């Protein structure tokens, strides 16, 4: 007997009518017409079943802190950083844990199964690190939480940042982070990339660096990141996040830069909601969009995943842990309107981001972890278009969240019907 069978599912690659059987936390079979018994049987009714959503770039130590101690009036990145500097001294470890756990509950309900969160180490008490290590332990049964040691104020600009970063890694933080464009000079920024990559190489860790989150086309630290990656043999383990300055760079320079990134096996994580909100703030018109060159990076073979970055914090006052919202914004800002491009945007919040994080057992193949989401949509493009309802969230073969199907009762004269947004076709009224 299986623990769970999800019947008549459509997979993201378009294969319809498949049953997915789960046992002992793993996918035991993916085939048509499985007749075996199971403790739980769910009829997907032809709907889309996906591996969990993955958010490869988030700031969980700041999430849900909106308005404390004040609001970001200008809406800029720099005021957000200043506001975060005001919040850090007054928040407690318990505050961070409480907010982070509330966010994780919301994220799970929205089908997110893994998050990479940056945690600020420019705090000599390392409150955020202590808090998120505890959160990682508490959420482990239902979410993979990967932590990045992030020197928000600059690893050289802040006098204790490097020592704190090393302490955080010793405590169990998973990934080395950085923010070279926030160092005092371009030279310091480049030197910080070198130092942080050396730390990662010494410890056998991955790197995920906030890189060139700026409208300045001369912010080119990703070039140094690519070079240090190849010099230190870190290929495939290094990610440049944001990369917004690339939106403003001249095409000739980018024609050199992207091949260097591809050669180094760099990954890229744009954050569409935040990039479109924070960038171009100094422009009048025309106003730059700010999102990095996603189609060009993708065409070069660079693995690109979309992150959500922020939800209700000093930088962004909106958000609801919806990776389909993130995918939709990335699609629109990048003008990725072909059917292939739109379907790829679904991959950017699932398989691509899982690859960047190095998640093991991720997918819908026999032997993979039995983690998946049943969506009220028929295919990935429709899921993005509708921000599809997460009908069921499954972890290790157990249903851990359910949301009722979205149906609208229409009472027009002579045309009463029930509308299903997944098809816009009337369904029988009961």
Test: residue 98 is surrounded by fewer than 19 Cβ atoms within 10 Å (Cβ to Cβ), free of Cβ contacts under 8 Å to residues at least 24 places away in the same chain and outside any strand (DSSP E or B): yes
Going by what's in this entry, would residue 105 be described as surrounded by fewer than 17 Cβ atoms within 10 Å (Cβ to Cβ), in a loop (DSSP other than H, G, I, E, B), assigned by TED's automatic domain parsing to the domain that holds residue 316 and at pLDDT 95 or above? no
Taking first residues from region 1-28 that are at pLDDT below 95 and second residues anywhere that are surrounded by 18 or more Cβ atoms within 10 Å (Cβ to Cβ) and part of a strand (DSSP E or B), the pairs with Cβ under 8 Å that are 6 or more apart or on different chains are 1/38
With the checklist (1) closer than 22 Å to residue 215 by Cβ; (2) buried (at least 16 other Cβ atoms within 10 Å of the Cβ) in hand, flag the one item residue 322 doesn't pass. (1)
Please go through region 64-78 and give me each residue that is crowded, with 18+ Cβ neighbours inside 10 Å and in a helix (DSSP H, G or I), ordered by number. 77
Can you find a residue in region 241-262 that is out of contact with any strand residue (DSSP E or B) (no Cβ under 7 Å at 6 or more places or on another chain), free of Cβ contacts under 8 Å to residues at least 40 places away in the same chain, under 22 Å from residue 176 (Cα atoms) and surrounded by fewer than 22 Cβ atoms within 10 Å (Cβ to Cβ)? yes
In region 139-188, which residues are assigned to a helix (DSSP H, G or I) and within 18 Å of the chain's Cα centre (by Cα)? 139
Against the conditions (1) under 29 Å from residue 305 (Cα atoms); (2) surrounded by 20 or more Cβ atoms within 10 Å (Cβ to Cβ), where does residue 42 fall short? Just the number, please. (1)
Among (1) surrounded by fewer than 20 Cβ atoms within 10 Å (Cβ to Cβ); (2) modelled with pLDDT under 95, the one test that residue 31 misses: (2)
What are the residues in region 1-44 that are within 29 Å of the chain's Cα centre (by Cα) and farther than 21 Å from residue 378 by Cβ, if any? 4, 21, 22, 23, 24, 25, 26, 27, 28, 29
Residues to consider are 203, 231, 281, 184; find the one that is surrounded by fewer than 17 Cβ atoms within 10 Å (Cβ to Cβ) and under 24 Å from residue 326 (Cα atoms). 281
Mind checking which residues of region 220-231 are free of Cβ contacts under 8 Å to residues at least 40 places away in the same chain and touching a strand residue (DSSP E or B) at 6+ places or on another chain (Cβ under 9 Å)? 228, 229
Restricting to region 113-134, name every residue that is surrounded by fewer than 23 Cβ atoms within 10 Å (Cβ to Cβ) and within 18 Å of the chain's Cα centre (by Cα). 114
Counting only helices (runs of 4 or more DSSP H) wholly inside region 205-282, the ones holding at least 1 residues that are over 22 Å from the mean Cα position of the chain (by Cα) are 221-231, 251-263
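The values are calculated or read from the model by the stated rules, or taken from the named source; none is laboratory data. The shown structure was predicted, so the numbers you read here are calculated from the model rather than taken from an experiment. In this analysis, Cβ positions are derived from the backbone assuming ideal geometry, glycine residues included, and neighbour counts consider all displayed protein chains.
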